[in-house]
Amino acid sequence: LKKYIHKGGYSVIRKTSAMVEAGILAAVAIVMALISMYVPVLGAFVNFVWPLPIVICGCRHGLKWSIMTLLVATVIIAMIISPINAFFLAAIFGLLGLILGECMLRHLPPMKMMLYGSVGAVIALILNIVLSFWVLGIDPIEMMFSSFHQSLEQLTVYYREHGMSEADIKKTVDGYAEMLRMMRIIMPGAFMMCAPLMAFVNYMAAKKILTKLGESFEAFPPFTMLQVPGWILWPYAASLFAVTYYYQHDQASWMYTLSVNVQTVCSFVLVLQGIVLLYWFVETKHKPRWWANIGIALLFIVPIFTQIMVYVGAFDIVMDFRKIRPASRFRKQR
């Protein structure tokens, strides 16, 4: 009887503690939503890590409490700010927070956690677009590109007022318009690349906080030992051929759009593999680390360097310069 009473009392205390923490974390999520809404620069970053309170609650108290935290925060945000803002936050970041919190509660390996979190982020982004269109009657992507085109019109007026010739204005504006056209085409691929970044940033931030609260998690493998799956070369090669063919014949086809997005995602993965090889080379040859940091900077400054890193990553998969991949038929014959 004493043991039963003791266990029951402990259960009540634990439930009360979970309720208090869930309420505090819901309040934190509400404050973060206010910052993301009304603080221009800081708000963009805070918006990106908004799932943190949901992740922490899920890891410490389980899925039920993280769902309650998300619901309470969403309802209050809808009353304070607007239902649309609350809807977007819950739809995009809420699902990611629930998945990461459950994965961290189960102490899954980091790479598997990134996989589940990335899949959850992609699903959340797709659901957000679909629900926005069918429930709210708005197309967020179309709204975004409409604002971009309005900016182009204002830019044309600005250039004309400052004496730029019509030929130069047309050339500049046409260049921006082509860039917007490509942005619209690769939007699905951009979502695919953004998903793991969202999962990684929120996981690392949650891990930092939870470690200080006494939790422990498995570390990621060393960055220089990261291996991209070898099969990524097949969709990359197929997308190259398809983009070349449809670029010459039918750029308006859905196959061209699909091929460009596959090429974009595969190129991103291969660039990551090239960066890993670059840091491995610097570390192995005992060179200054800033050599590799310059390589990262060149990715954003010199466009051709990005394509070079794609090829470097592809050759590393084939040749296995670090000698860490399982032996393939090609490497055995060599």
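Quick notes on this one:
- Rolling a 1.4 angstrom probe over the protein heavy atoms with all chains in place gives the chain an accessible area of 60 Å² per residue.
- Mean residue ellipticity, 222 nm, helices only, the chain: the sum of -39500 (n - 2.57) across DSSP H runs of n ≥ 4, divided by residue count and rounded to 500, is -26500 deg cm²/dmol.
- Among the protein heavy atoms, those of Trp291 account for about 110 Å² of accessible surface (1.4 Å probe, every chain in place).
- Helical segments meeting 27 Å axial Cα length and Kyte-Doolittle 0.0 threshold in the chain (DSSP H): 2-38, 110-131, 187-212, 254-284
- Within a Gaussian network of the chain (alpha carbon springs, distance under 10 Å), most fluctuating of Ser259, Ser82, Ser165: Ser165
- Share of carbon and sulfur in the accessible heavy-atom surface of the chain [1.4 Å probe, %]: 71 percent
- Accessible-area order (highest first, 1.4 angstrom probe) of the listed residues Arg106, Arg60, Arg184: Arg106, Arg184, Arg60
- Inter-part distance where segment 287-327 and segment 56-97 are each reduced to a Cα centre, Å: 40 Å
- When the chain is treated as a Gaussian network with alpha carbon springs shorter than 10 Å, the biggest mean-square fluctuation among Glu166, Glu21, Glu178 belongs to Glu166.
- Residue of Val119, Val173, Val262 that the Gaussian network model of the chain assigns the largest fluctuation, springs spanning Cα pairs under 10 Å: Val173
- For the residue pairs Lys64/Lys212; Lys212/Lys287; Lys212/Lys285, the alpha carbons lie more than 27 Å apart in Lys212/Lys287; Lys212/Lys285.
- Prolate/oblate/rounded label for the chain (Cα gyration tensor, a/c 1.5): oblate
- Which of Phe133, Thr244, Ile92, positive extreme of dipole for the chain (C-beta unit charges): Ile92
The values are calculated or read from the model by the stated rules, or taken from the named source; none is laboratory data. Computed from a predicted model, the values in this text were never measured in an experiment. When we count neighbours, we look across all protein chains shown, and the Cβ atoms used for this are built from the backbone with ideal geometry, even at glycine. The area values use the complete protein model at the heavy-atom level, side chains included, leaving out ligands, DNA and RNA. Shrake-Rupley method; radii C 1.70, N 1.55, O 1.52, S 1.80 Å.
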